[in-house]
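The structure appears right after this line, and notes come after that.
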Amino acid sequence: MWLATVLFCVVPGVLGQSLVQNGDMESLTHWDCGGFHCELTTDHHSGHHGIKVSGRSQTWQGPSQTLHGIKANGLYKVEGYIKLLNDQSGHIGQNVELEIAVSLNNGKTSYLSAATHPLARSSDGWIHITGDFNAPSQGIKDVRIYYQGPATSTNFVTDSVSVTPVGSNPNWRAESDAVINRVRKSDINFAVSLASGINLGQVEIDVIQTKKSFAFGTAVACDEYLHGNTKYQNFINQHFNWAVTENALKWDIMEPQKGHINYQLPLDAINKLRSHGIKVRAHNIIWSVDSTVPQWVRPLSGNTLKDTVKHRIQDIVGRTKNLVEHWDVNNENLHGFWFQNKLNDRDYNLDMFRIAHQAGPNVKLFLNDYAVVASGGLTGAYREQAIRFKNAHVGLYGVGVQCHFQPNQYPDPTLIKQHLDTIAQAGVPIWVTELDVINDDANKRADWYETALRAFYGHPAVEGIMLWGFWSKRHWRGEPAALVSGDSFTVNAAGNRVLDLLEKQWMTHVYHKLTGHNFKVRGFHGNYEVRVKINGKENTSLRQHFTLGSASHAVHIHVTH
Ligand SMILES: *[C@@H]1O[C@H](CO)[C@@H](O)[C@H](O)[C@H]1NC(C)=O
């Protein structure tokens, strides 16, 4: 009994142990249903029971309980299941949430949307809500977790709730390095034979990576890239192998008035990028956040709206399908549902992908969203959305995670990995599409970009990383996020750090003096040139070129005078 008491007191706060009591909802114990009705039901996600909720008078009402052991600044992962029993007529779906209410010593209450799932419907069955929250840094008096969200006329069942502390991982860097070594590199196996009269000690083999395969890119301001500062243009051409159009392909910018479409700016920029060997992500066909829908589209409805959207998709994909690798089809579709709402069809976002996929079957199609990696309130919802698109076979290739970190938000590598792991469960590739970190101090910014890049490059599901700009004069967040500063176009501390990673640390360049006939170089994926020197002098007719991919590569060299 004594031991059991001690364990009970110690367990909250231990990594991996949930702070929720009776999270399995096998009874009503510990769950507060003040002002509405809760009853035990055999409808369950796990165990044998769940809690059925009805008779609510406020949308924020739902089963709740006090969480004991929440620590100031602590990071917590939140999970739970919910099943709606009826829908709200006239709505394509409803927001369901696990919310954390933190009462502070100063009398205020802070409400944190730990995990949100948009557009839930009864036909979805059990919905897995996943997210996380950061406890306030001080003055915590009392913390409660709530289910909330649906209209009061919607009844629902809840089950399987947990809140677990996430400790920061002190080994993240070693683990990231190990992944980089495993997934970004392959073996190059050399077998060297020597003509008579040549000794091992006279021969040096230089293994030089001339091009990287991994996609490192930037958002490009198309006007600046075509007609602006040549230093800006040269920097892009010299340092990036991928680019994403920042604004020029957005519908409301291309076609502010019906039929007056500026194709030239984005297409000229794309053609110029391609002429410099830079691959292009196209961003974006449709953007469902209300404020971004072109003014002239807003009055449209029904088949007129559908035809207009179809034309936009077929037209722009048709004109770019042989020029771009990726299209973001429907931007930020966890945050905006304008077209689905207007057409009263939750599945219309699937139709957009179908139309795009038909118009350009070889273009890789993406979802693209925020608050999924830099913060975690929609991380689980993104996984669920990606699974829905994948299972619908509408041509989804991968998911874009924007990664605009907040001002002065450290890009926590533990949290980044946890969010990427959750999204990767959908089983589709992840691209970091819009990275920026913000710190006025360029040295700290350098550390933060390095941390973020290591966390992303060191995750096996990540296939490419795009910065959302680099030059302070053409960066939406200006100098505090920039790699290159001001009119003088000075590469700052953050820029030097990023270039050192991309062009030195994550490129292979080995000078190997022969001590035997066989040796191995583990190299980053990309193109290589091999040079052979005898007594310090290269014989250029022995040069070899090859591309190193995910399989090991054999190089045979016969050294003659
Ligand atoms: C360089 O290598 C080629 C090919 O093995 C050989 O024919 C040639 O004689 C070499 N040249 C010199 C200067 O050693």
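Using alpha-carbon pairs under 8 Å, 6+ residues apart, how would you state the relative contact order of the chain in percent? All intermediate terms of the calculation are to be shown ahead of the outcome.
Details: 1264 pairs, mean separation 96.4, N = 561.
It rounds to 17 percent for the chain.
Distance distribution note for the chain: the fraction of Cα pairs above 34 angstrom is 49%.
Judged by the mean number of other Cβ atoms found within 10 Å, the most tightly packed of the peptides 509-515, 60-66 leads the ranking 60-66, 509-515.
Given a Förster distance of 22 Å, report the FRET efficiency between Phe36 and Leu104 from their Cβ-Cβ distance, rounded to the nearest 0.05. Write down the numbers at each step before the final one.
On the way: r = 26 Å, r/R0 = 1.18.
After rounding, the FRET efficiency stands at 0.25.
Work out the P(r) tail for the stretch 449-536: percent of alpha carbon pairs separated by more than 17 Å, whole number. Distances greater than 17 Å cover 63 percent of the Cα pairs.
Its Kirkwood hydrodynamic radius, worked out from the mean inverse distance over all distinct Cα pairs, puts the stretch 276-416 at 15.9 Å. For the stretch 398-449, what does the equivalent ellipsoid look like in terms of its semi-axes, each the square root of 5 times an eigenvalue of the Cα gyration tensor, given largest first in whole Å? Working from the Cα gyration tensor, I get semi-axes of 24, 11, 8 Å.
If you take every residue apart from Asn331 with its C-beta less than 9 Å away from the C-beta of Asn331, what net charge results, scoring Lys and Arg +1 and Asp and Glu -1?
Working: positive: Lys250; negative: Asp328, Glu332, Asp369.
After counting each charged neighbour, the total is -2.
Taking all protein chains as shown and a probe of 1.4 angstrom, Arg346 keeps an accessible surface of around 40 Å².
Contact order, relative form, for the stretch 215-505: 15 percent (alpha carbon pairs under 8 Å, 6 or more residues apart, mean separation divided by residue count). When the residues Lys533, Lys250, Lys310 are ordered by accessible surface, computed with a 1.4 Å probe over the protein chains alone, the sequence from largest down reads Lys310, Lys533, Lys250. If I compute solvent accessible area with a 1.4 Å probe over the protein chains, what percent of it on the chain is carbon and sulfur? Carbon and sulfur together cover 48 percent of it.
With a 1.4 Å probe rolled over the protein heavy atoms of all chains, the accessible area of His357, His419, His68 falls in the order His68, His357, His419, largest first. Label sites at Thr230 and His509, each approximated as a point 7 angstrom past Cα along Cα to Cβ, lie 2.6 nm apart. The equivalent ellipsoid that matches the C-alpha gyration tensor of the stretch 21-167 spans semi-axes of 25, 16, 15 angstrom, in descending order.
Sum up the charges of everything whose Cβ sits under 15 Å from the Cβ of Gly458, counting Lys and Arg as +1 and Asp and Glu as -1, but leave Gly458 out.
Working: positive: Arg173, Arg182, Arg184, Lys185, Lys417, Arg454; negative: Glu175, Asp177, Asp412, Asp421, Glu450, Glu463.
Charge balance near Gly458 sits at 0.
Just the projected area, averaged over all directions, of the convex hull on the alpha carbon atoms of the stretch 509-561: how many nm²?
Details: hull surface 15.9 nm².
It is 4.0 nm².
Cross-link reach is defined here as a Cα-Cα straight distance under 13 Å, omitting same-chain residues fewer than 8 places apart; for Lys211 the aspartates and glutamates meeting it are Glu503, Glu529.
Step through the table entries Lys83/Lys306; Lys185/Lys504; Lys279/Lys364, compare each Cα-Cα distance with 22 Å, and write down the pairs that go over it. Present the calculation step by step, with values, prior to reporting the outcome.
Working: Lys83/Lys306 31 Å; Lys185/Lys504 14 Å; Lys279/Lys364 12 Å.
Among Lys83/Lys306; Lys185/Lys504; Lys279/Lys364, the Cα-Cα distance tops 22 Å for Lys83/Lys306.
The solvent-accessible area of Trp338, taken with every protein chain present and a 1.4 Å probe, is close to 30 Å². The alpha carbon centroids of the stretch 235-272 and the stretch 20-49 are separated by 53 Å. Placing one equal scatterer on every Cα of the stretch 170-267 and applying the Debye formula, the log10 ratio I(q)/I(0) at q = 0.11, 0.16, 0.17 Å⁻¹ is -0.66, -0.90, -0.93.
The label-point distance for Arg144 and Arg543, in a model that sets each label 7 Å from Cα toward Cβ, rounds to 7.3 nm.
Per-residue accessible area (protein heavy atoms, 1.4 Å probe) orders Phe546, Phe339 as Phe546, Phe339, starting from the largest. Taking every protein chain into account, the accessible area of the chain amounts to 42 square angstrom per residue (probe 1.4 Å).
Across the stretch 485-534, the volume of the C-alpha convex hull divided among the residues equals 131 Å³ per residue. Backbone phi angles across the stretch 214-229, fed through the Karplus curve with coefficients 6.51, -1.76 and 1.60 (θ = phi - 60°), yield HN-Hα couplings of 4, 7, 10, x, 9, 6, 10, 7, 4, 5, 5, 5, 8, 10, x, 5 Hz in residue order; Gly and Pro are listed as x.
Centre-to-centre separation between the Cα atoms of the stretch 507-530 and those of the stretch 415-437: 32 Å. Summing Lys, Arg as +1 and Asp, Glu as -1, what charge do residues with Cβ under 11 Å from the Cβ of Asp187 carry, Asp187 excluded? Spelling it out: positives minus negatives among the neighbours equals +3.
For the stretch 200-339, the Kirkwood estimate of hydrodynamic radius, built from reciprocal distances between every pair of different alpha carbons, is 16.9 Å.
Please compute the alpha carbon radius of gyration of the stretch 215-505, then divide it by the globular-protein estimate 2.2 N^0.38 Å. Two decimals is fine. Don't skip to the end; give the middle numbers.
Numbers: Rg = 18.4 Å, N = 291, 2.2 N^0.38 = 19.0 Å.
With N residues counted in the stretch 215-505, Rg over 2.2 N^0.38 Å equals 0.97.
The values are calculated or read from the model by the stated rules, or taken from the named source; none is laboratory data. Computed from a predicted structure; not experimentally measured. Don't worry about glycine lacking a Cβ; one is built from the backbone with ideal geometry, like all the others, and counts go over all protein chains shown. For the accessible areas, the whole protein counts, side chains as well, though only heavy atoms, and no ligand, DNA or RNA atoms are used. Shrake-Rupley method; radii C 1.70, N 1.55, O 1.52, S 1.80 Å.
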